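Only one structure is covered here, and it is reproduced in the block below.
The values are calculated or read from the model by the stated rules, or taken from the named source; none is laboratory data. Given the structure is predicted, the values throughout are model-derived calculations rather than measurements. Every residue, glycine as well, gets a Cβ built from its backbone with ideal geometry; the counts of neighbours run over all protein chains shown.
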Amino acid sequence: MVYWGMTTKEQLLSYLKKEMGNWVSGESLSNKLAISRAAVWKHIGKLKADGYIIESSPKKGYLLSKISDLLLPAEITEGLDTKIFGKENIVYLNEIDSTNIKAKELAVMGAPEGTVVIAEKQTKGRGRRGRSWFSPSGDGIYASLILRPAMSPIELPRITLMTAVAVSEALLSLTQLKIRIKWPNDILVNGKKIAGILTEISTEMDEVDYIIVGLGLNVNTPYESFPEEIRDEASSISMEMGRHFPRAPIVREYLRWYEKYYEMFKKRGFEPIMHRWKELADIAGEQIMVDVLGEKYVGEVLDVGNDGVLLLMDKEGTTHRIFSGDVQIMGARP
Ligand code: BTN
């Protein structure tokens, strides 16, 4: 273990984690960290305030019995092997209006690509098409990434599709859930939405200045806490799995997959990502209704193009190219 660059509090946590479930004497901690026992006690207090459950005994010392369930940067980055995402810069907030808004402010001030803004709670969580995103404290993941790709703004829908793939891969590698993408970027389990993505862009001339990719994921949200109007169409990981699920490993896995697909996008283009998106969306041949700002289209999905556009054939045989909308799946395929 290399302690270079770690704060005293982080080093202390690292020792306690290595001995998780065992007592560690205050004296040995004070020797290892080269601080007084009173200072050890002070840092223990800070760790407790961060949500770590630490028992103390005047005779035996300290025992870490439970890791914090907060989305603390130290928990997210533990074992994270990315080069860009979450590596240098995780901005952790207890409460914010919207992580997308905060990320935008930071991007304007020059925050580098890979910056992650994460909050325990959003007071004005934003969804697609001017909707709000239900963001209760401690239950979900509300995270925004800053990207600065050298690409044309017209590629933005691809970034959104790529994000849906990265989220799905992260969930598939951590859970047994049957994840499905609903065009363009909803993540469903058993037909209910557990996550949504909001991408926002700033351009200069015809180049991307920055892109903000916001992810909202319902992790431990119980059924009864969802607002009534979305209660029957939304779900959470804990509802689907029947147990509480730790959030930090999901963020870590998401950042890992994000980087993998982002690198793939830059090196090999969008085709392999689109291929995976189609596997995960499994939408071709489906009978759907799409609501495009109040105008409704009903028909069969022919395909989703490499530009993310949905090709829908209505019953007259006319093909519509749909750029954005709300999809409702009408029924099982024949
Ligand atoms: C959707 O409507 O499906 C997209 C929801 C996106 C919500 C996330 S939560 C983190 C980020 N900050 C926001 O205000 N919105 C996005």
Subject >> The lone exception for residue 188 - which of (1) away from the ligand (no atom under 16 Å from the Cβ); (2) under 15 Å from the mean Cα position of the chain (by Cα) it fails >> reply: (1)
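Would segment 71-80 turn up any residue that is closer than 19 Å to residue 252 by Cα and β-branched (Val, Ile, Thr)?
Looking for residues that are closer than 19 Å to residue 252 by Cα and β-branched (Val, Ile, Thr), one finds at least one in segment 71-80, hence yes.
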Original post:
Considering only residues of segment 1-51 that are part of a helix (DSSP H, G or I) and small (Gly, Ala, Ser), which is nearest to residue 77 (Cα to Cα)?
Top reply: 14
Subject >> Qualifying positions in segment 125-137 - more than 7 Å from the ligand (Cβ to nearest atom) and closer than 18 Å to residue 91 by Cβ >> reply: 137
Original post:
Could you list, in sequence order, the residues of segment 152-182 that are of a type in the set (S, T, N, Q) and farther than 24 Å from residue 285 by Cα?
Top reply: 152, 173, 175, 176
Original post:
Out of curiosity, is residue 56 of a type outside the set (Lys, Arg), touching a residue at least 12 places away in the same chain (Cβ under 8 Å) and not in a helix (DSSP H, G or I)?
Top reply: yes
**OP:** Given the conditions (1) farther than 30 Å from residue 259 by Cβ; (2) surrounded by 17 or more Cβ atoms within 10 Å (Cβ to Cβ); (3) at pLDDT 95 or above, report the number of the one that residue 33 does not fulfil.
**Re:** (3)
**OP:** State yes or no: is residue 98 of a type in the set (Ser, Thr, Tyr) and either touching a Cys at 6+ places or on another chain (Cβ under 6 Å) or within 10 Å of the ligand (Cβ to nearest atom) (or both)?
**Re:** yes
Subject >> Residues located in segment 111-124, provided they are within 9 Å of the ligand (Cβ to nearest atom) and of a type outside the set (D, E, K, R) >> reply: 117, 118, 119, 122
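Per-residue answers, yes or no, for (1) acidic (Asp, Glu); (2) under 18 Å from the mean Cα position of the chain (by Cα); (3) crowded, with 17+ Cβ neighbours inside 10 Å; (4) under 29 Å from residue 140 (Cβ atoms):
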residue	(1), (2), (3), (4)
249	no, yes, no, yes
258	no, yes, yes, yes
271	yes, no, no, no
274	no, no, yes, yes
279	yes, no, no, yes
284	no, no, no, no
297	no, no, yes, no
**OP:** Answer with yes or no whether residue 88 is under 18 Å from residue 255 (Cβ atoms) and more than 13 Å from the ligand (Cβ to nearest atom).
**Re:** yes
Original post:
Which of the residues belonging to segment 131-152 are touching a strand residue (DSSP E or B) at 6+ places or on another chain (Cβ under 7 Å) and within 20 Å of residue 115 (Cα to Cα)?
Top reply: 140, 141, 142, 143, 144, 145, 146, 147, 148, 149, 151
**OP:** Select from segment 264-305 the residues that are small (Gly, Ala, Ser) and touching a residue at least 40 places away in the same chain (Cβ under 8 Å) and list them in ascending order.
**Re:** 281, 285
**OP:** Sort out which residues of segment 140-170 are surrounded by fewer than 21 Cβ atoms within 10 Å (Cβ to Cβ), under 15 Å from the mean Cα position of the chain (by Cα) and either within 12 Å of the ligand (Cβ to nearest atom) or over 17 Å from residue 217 (Cβ atoms) (or both), and write them in order of number.
**Re:** 160
